[in-house]
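The block underneath contains the structure these notes are about, expressed in structure tokens.
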Amino acid sequence: MLIGHKDIIADLQALAKSGRLSHGYIFFGPAMVGKSAAARAFANYLENGVFETPREAGILQDAKFINLASMRELDPTAKDSIGIDAVREIKNFLWQKPNVSARRVLVIEEAEHLTTEAQNALLKVTEEPPASSLLILVTSDIESIMPTILSRLPKIFFGPVKEKTIAAWLNKEEKLAKTKAEALAKQAMGKPGLAWRLLHDEVFQENLKSAQAFLKTSATGRKDFLKKLLEPDEFNLRIFLEAVIIVLAWEKPTPAKAALWHKALRLYDNANNFGVNPRLQLDALMR
């Protein structure tokens, strides 16, 4: 699914056709606007001549995608990070010659979760890349990438997609009535990925409901609410805060709501980069 970003698509196609592609790029911008979809679609274009996201995982011969989910498949006990083992895998993949594509494409999604050790190792890949390789880092937090890596890779910004473009896609591809498509497009806030998750991702929808309930919980009921919320072993503070931030963005803006939104964003960053106590942090968020 790749919605919008026509200018970026045209530029990447032109670079590929003229043989002027860099050895790597950083795709950055807000979450769920289509950065990963564009990277996958570009890998498909280089291999098959079609600029659209492959419908099946693993269908491309000369492309590999690394993200938090793939890390957890290798090690179910792994934390929310992409470590040095991933970079070893990257080197092994990129140094092989492509089978059918012009480039061997390695995409690191959620690159903001690369550990410092992994980024240091990745720096060597960016300094001496194989001629037939293409490395794409996809991130919603470009400040998390080391300056030395940023200086070596061209950066492409992906901004929000127009509301009418998302509505048209929802109407045509998702078969939503025009009024419903327009309402959902408004909720998506320029993020096609958010629109898709609001339609299809049941776990995400449950997180949104929990976030809404959390924000409405009184000070006296907060202790019991947090106890129940944090009970499941699979609770993930970062994912829950993502839902909180989205719910706050939907609400009518007030100075208090804006302050809470910024506070939630800071906590989200801390949850990404540091080990924090979820109960204490969520309780402090609402104080």
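Take the residues in the range 13-62 that are within 14 Å of ALA102 (Cα to Cα), crowded, with 21+ Cβ neighbours inside 10 Å and of a type in the set (A, V, I, L, M), then tell me which one is farthest from the chain's Cα centre (by Cα).
LEU46
Can TYR25 be described as among the hydroxyl-bearing types (Ser, Thr, Tyr), touching a Pro at 6+ places or on another chain (Cβ under 8 Å) and in the same structural domain as ILE142 (by TED's automatic domain parsing)?
yes
Might you check whether a residue that is without any contact (Cβ under 8 Å) to a residue 12 or more places away in the chain and either of a type in the set (Ser, Thr, Tyr) or surrounded by 11 or more Cβ atoms within 10 Å (Cβ to Cβ) (or both) occurs anywhere in the range 240-248?
No, the range 240-248 contains no residue that is without any contact (Cβ under 8 Å) to a residue 12 or more places away in the chain and either of a type in the set (Ser, Thr, Tyr) or surrounded by 11 or more Cβ atoms within 10 Å (Cβ to Cβ) (or both).
Residue by residue through the range 183-212, note down the ones that are surrounded by fewer than 13 Cβ atoms within 10 Å (Cβ to Cβ) and over 21 Å from the mean Cα position of the chain (by Cα).
Result: LYS209, single match.
Which residue out of VAL247, VAL276 is closer than 29 Å to GLU143 by Cα, outside any helix (DSSP H, G or I) and β-branched (Val, Ile, Thr)?
That would be VAL276, the only listed residue that is closer than 29 Å to GLU143 by Cα, outside any helix (DSSP H, G or I) and β-branched (Val, Ile, Thr).
How many of the residues making up the range 69-126 are more than 24 Å from ASN44 (Cβ to Cβ) and of a type in the set (S, T, N, Q)?
The number of residues fulfilling the criteria is 6.
Scan the range 86-116 residue by residue and report those that are in contact (Cβ under 8 Å) with a residue 12 or more places away in the chain, assigned to a loop (DSSP other than H, G, I, E, B) and not basic (Lys, Arg).
Listed by number, the residues that qualify are TRP95, PRO98, ASN99, VAL100, SER101, ALA102, GLU109, GLU110, THR115.
Can you confirm whether LYS223 is at pLDDT below 95 and either within 30 Å of THR116 (Cβ to Cβ) or assigned to a helix (DSSP H, G or I) (or both)?
The answer is yes for LYS223.
Quick test for you: out of LYS180, LYS252, pick the one residue that is of a type in the set (D, E, K, R), surrounded by 11 or more Cβ atoms within 10 Å (Cβ to Cβ) and without any contact (Cβ under 8 Å) to a residue 40 or more places away in the chain.
Among LYS180, LYS252, only LYS180 is of a type in the set (D, E, K, R), surrounded by 11 or more Cβ atoms within 10 Å (Cβ to Cβ) and without any contact (Cβ under 8 Å) to a residue 40 or more places away in the chain.
Has the range 49-57 got any residue that is under 30 Å from THR116 (Cβ atoms), in a loop (DSSP other than H, G, I, E, B), out of contact with any Gly (no Cβ under 7 Å at 6 or more places or on another chain) and assigned by TED's automatic domain parsing to the domain that holds PRO130?
Checked against the condition, which is being under 30 Å from THR116 (Cβ atoms), in a loop (DSSP other than H, G, I, E, B), out of contact with any Gly (no Cβ under 7 Å at 6 or more places or on another chain) and assigned by TED's automatic domain parsing to the domain that holds PRO130, the range 49-57 yields at least one hit.
Conditions: (1) touching a helix residue (DSSP H, G or I) at 6+ places or on another chain (Cβ under 8 Å); (2) under 30 Å from ILE3 (Cβ atoms); (3) surrounded by fewer than 16 Cβ atoms within 10 Å (Cβ to Cβ). GLU117 meets all but one. Number of the miss?
Every condition holds for GLU117 apart from (2).
Could you list all residues from the range 132-163 that are in a loop (DSSP other than H, G, I, E, B), of a type in the set (S, T, N, Q) and touching a helix residue (DSSP H, G or I) at 6+ places or on another chain (Cβ under 8 Å)?
The one that is in a loop (DSSP other than H, G, I, E, B), of a type in the set (S, T, N, Q) and touching a helix residue (DSSP H, G or I) at 6+ places or on another chain (Cβ under 8 Å): SER140.
Tell me which residues, restricted to the range 196-220, are in contact (Cβ under 8 Å) with a residue 24 or more places away in the chain and outside any helix (DSSP H, G or I).
If the condition is that a residue be in contact (Cβ under 8 Å) with a residue 24 or more places away in the chain and outside any helix (DSSP H, G or I), then THR217, ALA219 are the ones that fit.
The values are calculated or read from the model by the stated rules, or taken from the named source; none is laboratory data. Values in this document were obtained by computation on a predicted structure and should not be read as measured data. We place every Cβ from the backbone using ideal geometry, glycine too, and count neighbours over all the protein chains shown.
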